[in-house]
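Here is the structure we will look at, set down as C-alpha cells.
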Amino acid sequence: MKVTKAEIVISAVSKKQYPSDLIPEIALAGRSNVGKSSFINKMINRKSLARTSSKPGKTQTLNFYKINDVFHFVDVPGYGYAKVSKTEREAWGKMLEEYFVERDNLSAAALVVDLRHKPTADDITMYNFLKHYELPIIVIATKLDKIAKNKRESHVQQTRKTLGLAPEDIVVPFSSETGEGKDKAWKAIEQFI
Ligand code: GDP
C-alpha cells in the first residue's frame, strides 16, 4: 500500500472514545520497547507520527491512526515492564479486553516481537490472548538487521516454535532500520482491509 495520508484520530482510554468510523482495524501489540512505534512509522513513511520509546507511567491509551482513509492501525499499549504496578497492570488488562471484546470492525492483529530473542512468556500470553478472540495474527519479527543472513531462518523457526504458531499464522521478518520486510508486511495486512 502506498500511504498518502496518515493521521492520529484519537488516543482513547475507554470505548466511548473509539472512533465512530467503522473502517477495518489492525491492532498492534507487543512488549514495551520492542519496536512497535518504529514499525508503524516505517510502514507509513513518517518519522515520528507514532511516538517512539513511550515510557511507563504515562497514561495508557489505545492510539487510533487513520491510514489513507481506509483503515485504522490501533496501537495497543506495550506490556512487559517490570516496574508497572498491579493496579496499572489490571487497568491495562481491562482496557485491552474491552477493546478486543467490543470492536466488531477489528479484522486482524499484528504481534510485534524481537527476532533476535526467543519470544518471552508475555509474548506467548499475548499471542494466546489474540487467538482467544479468533483473530488472524500476523507476527512481525523485528530488528532483522541485527541478525546475520545465515542465521535468520533459524530465528524465524525459533519464533514460530516458541509462540506455538498455527500453520495459518504469518511471520514477517522486518527491519525498521532498513525497511526490509515492508512489502511483505503490507501484503499480509492488505488481506484484512
Ligand atoms: P516501542 O516501545 O515498541 O514503540 O519501541 P520503539 O519503536 O520506540 O523502539 C525501541 C528501540 O528499538 C528504539 O531505540 C528503536 O530505534 C529501536 N528499533 C526499533 N526497531 C528496530 C529495528 O528494526 N532495528 C534496529 N536496529 N533497531 C530498532
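Based on DSSP, what percent of beta bridges with both residues in the chain are antiparallel, to the nearest 5? Don't skip to the answer; put the middle values down first.
Details: 11 of 32 bridges.
Among the beta bridges of the chain, antiparallel pairing accounts for roughly 35 percent.
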Are there GluC sites (Glu not before Pro) in segment 98-141 that DSSP marks as loop and that have at most 15 other Cβ atoms within 10 Å, and which are they?
Glu134
Counting pairs of alpha carbon atoms under 8 Å apart in space and at least six apart in sequence, what relative contact order in percent does the chain give?
25
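What is the ratio of the Cα radius of gyration of the chain to 2.2 N^0.38 Å, with N the residue count, to two decimals?
Details: Rg = 15.6 Å, N = 193, 2.2 N^0.38 = 16.3 Å.
Normalised Cα radius of gyration, the chain: 0.96.
Size of the dipole of segment 24-115 about the Cα centre, Lys and Arg at +1 and Asp and Glu at -1 on the beta carbon, nothing else charged, in debye to 20? Walk me through the numbers before you get to the answer.
Values: 14 positive and 10 negative charges, 118 e Å.
With Lys and Arg at +1 and Asp and Glu at -1, about 560 debye.
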Can you give the extra length, in nm with one decimal, that the chain gains between Lys16 and Lys161 once fully stretched, where that is 0.36 nm per residue apart less the Cα-Cα distance?
48.3 nm
Based on DSSP H runs of at least 4 residues, each adding -39500 (n - 2.57), what is the mean residue ellipticity at 222 nm of the chain after dividing by all its residues, to the nearest 500 deg cm²/dmol?
-9000 deg cm²/dmol
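Once R0 is set to 25 Å, what does the formula 1/(1 + (r/R0)^6) return for the Cβ-Cβ distance between Asp69 and Arg116, expressed as a FRET efficiency to the nearest 0.05?
On the way: r = 36 Å, r/R0 = 1.44.
Efficiency, rounded to the nearest 0.05: 0.10.
No lab work stands behind these numbers, since they all come straight from the coordinates. Computed from a predicted structure; not experimentally measured. All Cβ positions, glycine included, derive from the backbone under ideal geometry; neighbour counts span all protein chains shown.
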